[in-house]
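Shown next, in structure tokens, is the structure this report addresses.
The values are calculated or read from the model by the stated rules, or taken from the named source; none is laboratory data. These numbers were taken from a predicted model, which means no experiment stands behind them. Neighbour counts are summed over all protein chains in view; Cβ atoms, including those assigned to glycine, are modelled from backbone coordinates with ideal geometry.
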Amino acid sequence: MNTRPRKVLIFGLDGPVAPALLRYCREGKLPALARLIDNGVLAPNAMVPLPTATPANWTSIATGAWPGTHGISDYNVRRPGDPLDRAHMAFHSPDVKAEYVWNAIARAGKKSVVVNFVTTWPPVVDDGIQIGGSGCDINQWFHPNLAVASQEQGISSDAVRLDEDGLGTGAAAPGVFAASASGGLFCTASFQPDSRVPVRIELAAPEGWSNLPAASRLLAAELEVRASGGRYPLAPPTWQLLVVDTQGKGFDRVLVCEHKDAAVSLAELRVGEWSGVLQHTFPTEAGPERCAFALKLLELSADASDLRLYHSSFCALEGWSSPASLATEIVSTKGLPNPDSGFFGYDKGWFGANTLLEEIEMQRQWYADACTHVMKNKPWDLFVMRYHLPDTSWHSIPHVLDPRLAKNAEERRQHEALELGIYQACDRLARDLIECVDENETLLALISDHGAKPAGHPGIDANAILQDAGLLARDAAGKIDWSQTRALARPVCWIHINQEGRDPDGIVHGGEHYRAVQDEIIQALSDYVEPTSGRKPVLFALRKEDARFLNIYGEQAGDVVYALKHDHGYQHGPFLPTADWQGGSLRGLFALSGPGIRKGVQIERNVWCIDLVPTICHLAGWPVPRDTEGAVIYQAFEEPGC
């Protein structure tokens, strides 16, 4: 067998809990991933940078460089001349300062395909194909002039619009997490979800309809679609609903039509049924936007008093690929390029786990169709697919991660079934990709950017701690008084000193004055006692220069760096990659399989996510990106000296 692979396939998962995934592999429930791992090398001590944050760590994976080198330190970046409280979302490719692996190998004439990889939009593939990259999932568009705040600092974790006086307004910004329009629910008044009132419908005898079906009883209603949450203002369509009692035994089906003509329907549905993939074209300020969506009849009682009809997000079918024409080639009859995977409706109590898993499968199917089309029909040497599903899941359904939150054994069983269903979607996507390659000639890599853990005791409001310590001042209106402010906390684990000569409103001199403020900050963080638990949540706080051994450095890092204890705070972020708690783990996932790789081996040494790129380049004989700082994992090779 040739020890030098001809191709490389990287399958990335965002935020999987490695111990859980590996347990399901051992139990035979994830056959594709288990086969990859069993036929290759697994690194159980897979380490990722602090903070454990999506854009920073995927950029490290793609460049082989530490965040201080590539310039993406967490979810935000601060650009030259910005005041301390100004931030921009770190998903914008011009902010990346290091060379990506796909551009390095293009120098040797190698072609790459990059799918759904964060911090890569506008497109960054020099010679090849790119699908997505503008957000965490296909059809998410993260505007570079928006910031992500942190729950650890008492600010909404949603994206927030920047204002002139503070980190943000605290309100979700339109167009941040956007398909063309968000999902919606039509229902009768009997349904009372936990949050966000859906569109209420009033059923009445049909008027003005043509071609009505023969039926015992008919009811009708207008469906006013709320086309909101997208990149552009949209003119929402109004559909027509016909509810049918076919045989006088109770209402049993619905027709959804664009007009009052029952002979031409978008869908005919019974309870529990999905429509096929449907399309609608919206006029927008940027031109027509062709979208895909699907409908499901969730509930219909015999007397029609209980009715729930769901429509998925409207998902743009173009605008997310390079070359742009590629999007028109991708046809998925059962899949949706849906950025929220169904969690938008699930989180609001519109439907349960079964419908959620069905919509997850639609998103997975779309990725599979898009990837396999390109793999079979386009030239490529490196194929990179990043799947965000695990991370989306744990943020939306964190209770599934935490066995303490199940009320009883049955509820715990339901949580475990949902967790397994999420990982099985990942496994099916991996299967579909691997089936497109010759495993005798292709190096397979499985990797993640971080893990996740259950939420613990409360985290910290770092700016409140600084204010109590006299390091941050506000005026009577609550705005920051820069003339009296010596430090400000920024997401995710950084405290920045308001330094004279560096920051626009700087008041702290350099030298001993600067170091004294660092020490005050460290003392304040270290002394803080979280009131509800009576515990000190800060694991450590370090001067920036002392954090160099953690590979923390560069302009984006704070003057003081801190981490929280594993049993405080949320799923990931200001935690070490070694944090394990209540079945969760922040460790990464790292496995290799294929030509030149040992089989059925675990290597116990620490393996860093930045080691992937130099390792695959070494084995494939490709140029290494010019900024790579990772090391070749020789212990994974059949012939370590090759």
Those residues of the stretch 1-35 which are in a loop (DSSP other than H, G, I, E, B), within 21 Å of HIS618 (Cα to Cα) and in contact with a helix residue (DSSP H, G or I) (Cβ under 9 Å, 6 or more places away or on another chain) amount to THR3, ARG4, PRO5, ARG6
Residue hits (the stretch 216-269; buried (at least 17 other Cβ atoms within 10 Å of the Cβ), of a type in the set (Gly, Ala, Ser) and in a loop (DSSP other than H, G, I, E, B)) are ALA227, GLY229, GLY230, ALA262, SER265
Among helices (runs of 4 or more DSSP H) entirely within the stretch 36-142, at least 1 residues that are surrounded by fewer than 24 Cβ atoms within 10 Å (Cβ to Cβ) occur in 67-70, 101-106
The lone condition PHE351 fails out of (1) out of contact with any Gly (no Cβ under 7 Å at 6 or more places or on another chain); (2) surrounded by fewer than 22 Cβ atoms within 10 Å (Cβ to Cβ); (3) not in a strand (DSSP E or B) is (1)
For ASP340, the lone unmet condition from (1) among the charged types (D, E, K, R); (2) surrounded by 17 or more Cβ atoms within 10 Å (Cβ to Cβ); (3) assigned to a helix (DSSP H, G or I); (4) at pLDDT below 95 is (3)
Flag if ASP519 is assigned by TED's automatic domain parsing to the domain that holds ALA547 and without any contact (Cβ under 8 Å) to a residue 60 or more places away in the chain = yes
Taking the stretch 589-610 and keeping only residues that are surrounded by fewer than 17 Cβ atoms within 10 Å (Cβ to Cβ) and not aliphatic (A, V, I, L, M), one is left with LYS599, GLY600, GLN602, GLU604, ARG605, ASN606
Of the candidates TRP380, TRP394, the one satisfying the condition of being among the aromatic types (Phe, Trp, Tyr), in the same structural domain as LEU446 (by TED's automatic domain parsing) and at pLDDT 95 or above is TRP380
When every residue in the stretch 432-491 that is of a type in the set (D, E, K, R) and part of a strand (DSSP E or B) is compared, the one farthest from ALA541 (Cα to Cα) is ARG474
Query raised in the report: Does at least one position in the stretch 367-376 carry a residue that is surrounded by fewer than 16 Cβ atoms within 10 Å (Cβ to Cβ), over 23 Å from the mean Cα position of the chain (by Cα) and not assigned by TED's automatic domain parsing to the domain that holds ARG253?
Result: yes
Residue set VAL613, VAL561; condition part of a strand (DSSP E or B), within 25 Å of the chain's Cα centre (by Cα) and surrounded by 18 or more Cβ atoms within 10 Å (Cβ to Cβ); output residue VAL561
Going through the stretch 199-215 in order, the residues found to be β-branched (Val, Ile, Thr) and assigned to a loop (DSSP other than H, G, I, E, B) are ILE201
Scanning the stretch 126-160 for residues that are at pLDDT below 95 and β-branched (Val, Ile, Thr), the one nearest to LEU389 (Cα to Cα) turns out to be ILE138
Checklist entry - In the stretch 14-34, is there at least one residue being touching a residue at least 12 places away in the same chain (Cβ under 8 Å), closer than 22 Å to ILE129 by Cβ and under 20 Å from the mean Cα position of the chain (by Cα)? => result yes
Condition set in contact (Cβ under 8 Å) with a residue 12 or more places away in the chain and assigned to a helix (DSSP H, G or I), scope the stretch 616-640, selection nearest to THR52 (Cα to Cα): answer is ILE616
